[in-house]
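Colleague: Have a look at this one.
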Amino acid sequence: MPLIDIQVMQGVFSPDEKSDIIARVTQAFGSVAGQALAEATSIRIHEIDSGSWGYAGHAMTTEDARAMRARG
């Protein structure tokens, strides 16, 4: 049924953090769509290689993403 794709920079989130993201996104979706759809929801986390993600004309690295997380 529902499929949610999440893209993150490779090496920024640990396996436990990715598992938490999946659980929380499923819960948030279910709070809007209902429990039956939440239980049928598939979530995929795609990790993008360092330097293969860009914004504002600049390539972003894993180190850039980690620095963003550190700032909160």
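FYI, it's all coordinate maths here, none of it is from the lab. Predicted model only: the values in this text are computed from it and were never measured. Glycine also receives a Cβ, built like all others from the backbone with ideal geometry; neighbour counts cover every protein chain displayed.
Colleague: If you count the DSSP beta bridges with both ends in the range 3-71, what percent of them are antiparallel, to the nearest 5?
Modeller: Roughly 30 percent of the DSSP beta bridges within the range 3-71 come out antiparallel.
Colleague: Averaging the inverse of every distinct alpha carbon separation and then flipping it gives the Kirkwood radius. What is it for the chain, in angstrom units?
Modeller: 13.5 Å
Colleague: Also: How many nm is it between the label spots at residue 32 and residue 4, if each spot is 7 Å from the Cα in line with the beta carbon?
Modeller: Placing both labels 7 Å along Cα→Cβ, they lie 0.9 nm apart.
Colleague: For the chain, what is the mean residue ellipticity at 222 nm derived from helices alone (per DSSP H run of n ≥ 4: -39500 (n - 2.57); sum divided by total residues; nearest 500 deg cm²/dmol)?
Modeller: -14500 deg cm²/dmol
Colleague: While we're on this one: Describe numerically, in nm with one decimal, the distance between label points set 7 Å from Cα along Cα→Cβ at residue 69 and at residue 25.
Modeller: Result: 1.5 nm between the two label points.
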